[in-house]
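The values are calculated or read from the model by the stated rules, or taken from the named source; none is laboratory data. Bear in mind the structure is a predicted one, so any value in this text is a computation, not a measurement. So basically every Cβ, Gly included, is an ideal-geometry build from the backbone, and we count neighbours across all protein chains shown.
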Amino acid sequence: MLWSKNRYLGNFGRRAFSVLSININLFQLIKYMKSISKALVLLTLVFLASSLAFADRDERLKETTVDALKMLKNTDSKLNDWFDDAYGYVLFPNVGKIGIGIGGAYGKGEVYKKGEFIGEARLTQASIGFQLGGQVYSEIIFFKEKKNLSNFKESRFALSAQASAVAAAEGAAANAKYEHGVVIFTVAKGGLMYEASVGGQKFKFIPKD
């Protein structure tokens, strides 16, 4: 009887030890899983952060810039020479302008240096005079030298009231010339505007991250 009791206690002890071991193992497993979960969360946050960093570029603006670039080159094949020779350029694919006596314009664009994307730009313009209607057009500004692009990037660039642009048409680029290190081409995309001067335009450069 004593032997049976000791045997029972021995079996109970072994079972208790087994249960304790299982609990310890489960505790370690849960602790391990929590560590993995934290690591996965951290990796996910790092991935998202890196993804957001690369997603900062306006993809829609990128697409419209590419389309506007093709349209400009198709309108005047001589523009290819300007892309080859210029130090940099800014292209506004869609500049919206409206005026009834007092007018205004706004556009978003991309800035390139030696063919490499370096940031975005914003165009604003206010004008007073005889003007009636609305217009959407593409505008590109070429910068002859590094200092000209640097002035633009530092937001020290604005067009005087007398500034004018070359209306893009086949062969027009061949006769265009730099003025103060810049030259501007525009091509209308529709609408009617009696006065379509680029004079008074102001710009803000937004560097890429």
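Is it the case that the stretch 123-135 has a residue that's aromatic (Phe, Trp, Tyr), under 18 Å from ALA163 (Cα atoms), modelled with pLDDT of 95 or more and out of contact with any Pro (no Cβ under 8 Å at 6 or more places or on another chain)? No: zero hits. Within the stretch 31-61, the set of residues being surrounded by 13 or more Cβ atoms within 10 Å (Cβ to Cβ) and either within 30 Å of LYS177 (Cβ to Cβ) or at pLDDT below 50 (or both) comprises LEU61 only. Of all the listed residues (LYS78, LYS73, LYS62), the sole one being closer than 24 Å to ILE206 by Cα and either outside the structural domain of PHE143 (by TED's automatic domain parsing) or of a type in the set (D, E, K, R) (or both) is LYS62. Criterion applied to ASN148, ASN80 was being in contact with a His (Cβ under 9 Å, 6 or more places away or on another chain), farther than 25 Å from ARG60 by Cβ and either at pLDDT below 90 or assigned to a helix (DSSP H, G or I) (or both), and the one residue passing it is ASN148. Filtered by the rule that a residue be small (Gly, Ala, Ser) and closer than 20 Å to ASN94 by Cα, the stretch 136-172 gives SER138, ALA158, ALA163, SER164, ALA165, ALA167, ALA168, ALA169.
Restricting LYS78, LYS108 to residues that are touching a residue at least 24 places away in the same chain (Cβ under 8 Å), over 21 Å from ASP209 (Cα atoms) and of a type in the set (Lys, Arg) narrows the list to LYS78. Among the numbered conditions (1) surrounded by 13 or more Cβ atoms within 10 Å (Cβ to Cβ); (2) at pLDDT below 95, the only one that HIS180 does not meet is (1).
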